[in-house]
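Here's the structure, in structure tokens; my notes come after.
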Amino acid sequence: MISLSKKVCLLGDFAVGKTSLVRRFVYSLFDDRYLSTIGVRVSRKMIVLPRGQDMVELSLMLWDLAGSEEFNTVRTSYLRGAAGAILVCDLTRTTTLDSLPAYAAELRQVNPGAWLVVAANKGDLVGEHRLTEAQVAQRAAELAAPYFITSAKTGANVEVAFHRLGELVVA
Amino acid sequence: MSDHLVQAILCDRRIAYAITDRQCKVIAVHYCSPALQIWMQDWIGRALAEVVPEWLGSESVLADVLSGATSRVRLSRVNRELPDGRTAYLTLTVLPHLDDAGQISGLIHVVEDETAIGEIEQRLTQQRNELRLLQEELRQKNLALEAANAELRRLDQLKSTFVSIAAHELRTPLASISGYVEMLLDGDAGPLTDLQREYLRIVEGGARRLTRISRDLSDLTRIETGRLEVRRQPTDLGRLTEMVAAEHCPQLEERDQRLTLRVASGLPLTLCDPERAAQVIGNLLSNAGKYSPPGAAITLSAGLAAEAGFVQISVADEGVGIAEEDQPYVFDPFYRARNVVEVGASGTGLGLYIARSLVKLQGGRLWFVSTPGKGSTFFATFPVAAAAG
């Protein structure tokens with residue numbers, strides 16, 4: 001078994017559910033209350049993935065970065081060394097999908113080989129969606145990233161999205 | 001600077017630090033705050049990336065400092081969960097540690113506990129973000145309201161078009177019906193029996209009523225689209241009132257209702273559209289007759305208004321009156337008060353709406369006073385010709 005540690009970031013506008021996705025993935029928890037993140041909160045989650053004939057024990061260091069505009073000027077310094085990122089948008093807010101290319105560009109400027117996965121979150125709020133899956137798919141294709149409709153609340157596709165990023169960063 | 005002084009400053013500023021060798025293994029630590037002590041007390045002998053998870057997976061960043069490629073790395077507002085569930089906010093800075101020869105011998109890892117300011121910043125950010133979410137929600141709701149409003153306008157336009165077409169298309173056949181009924185009643189097609197005459201009178205009454213509805217619908221459309229025009233001219237409103245009273249007398253007499261006419265002498269000329277002013281007075285008289293019981297007294301008056309520069313028409317009846325809860329709505333189109341519906345009086349609910357619009361267009365006011373069960377008085381004012389300029 002090979003052991004690896006990789007830094008991956010969660011990027012996206014404020015209140016899209018980045019912290020909730022990490023909490024769901026790492027602790028299997030969800031809290032409806034919105035609590036703004038300032039700065040960065042790093043969590044660790046060990047996952048085991050196949051790589052060719054081997055198995056890889058991957059320690060994912062999850063950097064949950066503040067999404068507020070006020071953090072924009074310093075975000076780049078937090079991105080150094082990142083092997084990939086989950087780009088998170090909120091299906092109930094169209095502007096959050098429009099922001100993703102800028103986050104992707106910022107990450108790839110610092111780490112040109114970084115991998116991306118798009119998580120269109122709040123999939124559970126079906127009646128409130130203002131983004132369609134087709135729109136998400138198109139934006140993800142433009143970013144050369146796989147996408148998942150996730151729900152930190154129900155846990156839908158959360159594990160899958162992180163595992164997919166794990167597979168990409170150890171490939 | 002003495003060690004004590006440095007120690008005091010570091011403690012006061014809640015600054016701790018660790019020193020590593022070139023393999024990033026911690027060889028010395030210094031801390032004052034209890035919170036940092038809990039975290040840092042077992043660092044010695046361990047790899048920096050092991051004790052500070054922010055550096056795990058980012059070893060290349062530390063290597064850059066060790067090699068001198070980067071002079072410092074700084075991460076501010078690093079969140080650290082405290083045992084009591086609160087969040088500590090730290091700033092982590094990695095600097096090269098130089099030996100006596102000036103060579104990089106390891107790293108200095110500085111930890112600044114900025115929880116107090118971090119908590120304030122978090123609360124501010126929280127409030128700002130919640131406000132932004134509310135603004136965004138408000139914007140979305142406004143867009144939805146605008147869309148709903150546009151749809152309502154479209155439907156309203158569609159309704160106006162339909163009403164206008166329907167009213168217009170009714171007019172021609174109604175004119176034929178009225179014309180031929182009149183000819184029949186005049187004996188143009190031969191003598192009539194009493195029964196035939198009675199039936200024809202019923203047809204004539206129905207056609208008159210339909211014509212009135214058709215005219216009201218046309219007026220409604222014109223008012224809503226702003227195309228209703230009045231041709232104002234100096235008019236003897238007293239004389240006009242007498243004429244309208246004479247026209248309505250037969251209908252009132254049919255119901256044994258007594259019309260009293262009071263026209264003040266020497267009234268000044270008013271500036272109004274005589275046809276439309278007659279329509280208003282006729283409408284008020286018609287309502288008074290409809291909503292009053294047989295035998296009731298109706299008084300139509302014309303005189304100077306209390307408001308200078310206006311002549312006032314009033315129509316007082318002894319009818320059902322208007323309930324207090326209905327009073328705010330009687331001038332709304334298609335509104336019919338409950339007691340009016342209960343007594344079985346016919347009508348579309350357009351008369352008063354049109355009458356008030358017409359009065360307003362002519363520069364006057366239309367209002368009423370009413371006591372349920374006792375009757376109502378409606379007042380309409382028209383500007384005096386000279387005063388209206």
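The values are calculated or read from the model by the stated rules, or taken from the named source; none is laboratory data. Quantities reported herein were computed from a predicted structural model and do not represent experimental measurements. In this analysis, Cβ positions are derived from the backbone assuming ideal geometry, glycine residues included, and neighbour counts consider all displayed protein chains. Accessible surface is based on the protein model in full, side chains and every heavy atom, while ligands, DNA and RNA are left aside. Shrake-Rupley method; radii C 1.70, N 1.55, O 1.52, S 1.80 Å.
Looking at the structure I just gave you, is A:VAL74 facing chain B (nearest Cβ under 10 Å), over 30 Å from A:ALA134 (Cα atoms) and open to solvent by less than 50 Å² (accessible area, probe 1.4 Å)?
Working: facing chain B (nearest Cβ under 10 Å): yes; over 30 Å from A:ALA134 (Cα atoms): yes; open to solvent by less than 50 Å² (accessible area, probe 1.4 Å): no.
No, not satisfied.
The residues of the range B:368-386 that are under 33 Å from the mean Cα position of the chain (by Cα), surrounded by 20 or more Cβ atoms within 10 Å (Cβ to Cβ) and β-branched (Val, Ile, Thr) amount to a single one, B:THR381. Quick one: would you say A:ASN121 is open to solvent by 40 Å² or more (accessible area, probe 1.4 Å) and closer than 18 Å to A:SER28 by Cβ? For A:ASN121, the condition - open to solvent by 40 Å² or more (accessible area, probe 1.4 Å) and closer than 18 Å to A:SER28 by Cβ - is not met.
Within the range B:100-158, the set of residues being in a strand (DSSP E or B) and of a type in the set (Gly, Ala, Ser) comprises B:SER105, B:GLY106.
Residues of the range B:190-206 that are in a loop (DSSP other than H, G, I, E, B) and open to solvent by less than 80 Å² (accessible area, probe 1.4 Å): B:GLY190, B:LEU192, B:THR193.
The residues in the range B:139-151 that are open to solvent by 100 Å² or more (accessible area, probe 1.4 Å) and either within 15 Å of B:THR225 (Cβ to Cβ) or modelled with pLDDT of 95 or more (or both) can be counted, and the count is 2. Scanning the range A:38-70 for residues that are more than 15 Å from the chain's Cα centre (by Cα), open to solvent by 20 Å² or more (accessible area, probe 1.4 Å) and within 13 Å of another protein chain (Cβ to nearest Cβ) yields A:MET46, A:GLU69, A:GLU70.
Tell me, which strands (runs of 3 or more DSSP E) wholly within the range B:207-309 include 1 or more residues that are open to solvent by 40 Å² or more (accessible area, probe 1.4 Å)?
Working: elements: B:233-235, B:258-263, B:270-272, B:297-304.
Of the strands (runs of 3 or more DSSP E) lying wholly inside the range B:207-309, those with at least 1 residues that are open to solvent by 40 Å² or more (accessible area, probe 1.4 Å) span B:233-235, B:258-263, B:297-304.
From the list B:ALA16, B:ALA28, B:ALA49, the lone residue that is in the same structural domain as B:VAL78 (by TED's automatic domain parsing), part of a strand (DSSP E or B) and touching a Leu at 6+ places or on another chain (Cβ under 7 Å) is B:ALA16.
I'd like to check something: does the range B:62-69 contain any residue that is under 52 Å from the mean Cα position of the chain (by Cα) and touching a residue at least 40 places away in the same chain (Cβ under 8 Å)? Please lay out each step first, then the result.
As a first pass, look at the range B:62-69 and keep what is under 52 Å from the mean Cα position of the chain (by Cα): none.
Checking the range B:62-69: not a single residue is under 52 Å from the mean Cα position of the chain (by Cα) and touching a residue at least 40 places away in the same chain (Cβ under 8 Å).
Per the conditions (1) of a type in the set (A, V, I, L, M); (2) within 14 Å of chain A (Cβ to nearest Cβ); (3) open to solvent by 60 Å² or more (accessible area, probe 1.4 Å), the sole criterion not satisfied by B:LEU158 is (2). Criterion applied to B:SER265, B:SER286, B:SER292, B:SER301 was being in the same structural domain as B:LEU366 (by TED's automatic domain parsing) and touching an Asp or Glu at 6+ places or on another chain (Cβ under 8 Å), and the one residue passing it is B:SER292.
Output the residue which, of all residues in the range A:152-170 that are assigned to a loop (DSSP other than H, G, I, E, B) and out of contact with any strand residue (DSSP E or B) (no Cβ under 7 Å at 6 or more places or on another chain), is surrounded by the fewest Cβ atoms within 10 Å (Cβ to Cβ). It would help to see each step written out before you state the result.
Let us first name the residues in the range A:152-170 that are assigned to a loop (DSSP other than H, G, I, E, B), namely A:152-157.
Narrowing further to those that are out of contact with any strand residue (DSSP E or B) (no Cβ under 7 Å at 6 or more places or on another chain): A:153-156.
Values: A:LYS153: 18, A:THR154: 12, A:GLY155: 15, A:ALA156: 17.
Per the criteria, the residue is A:THR154.
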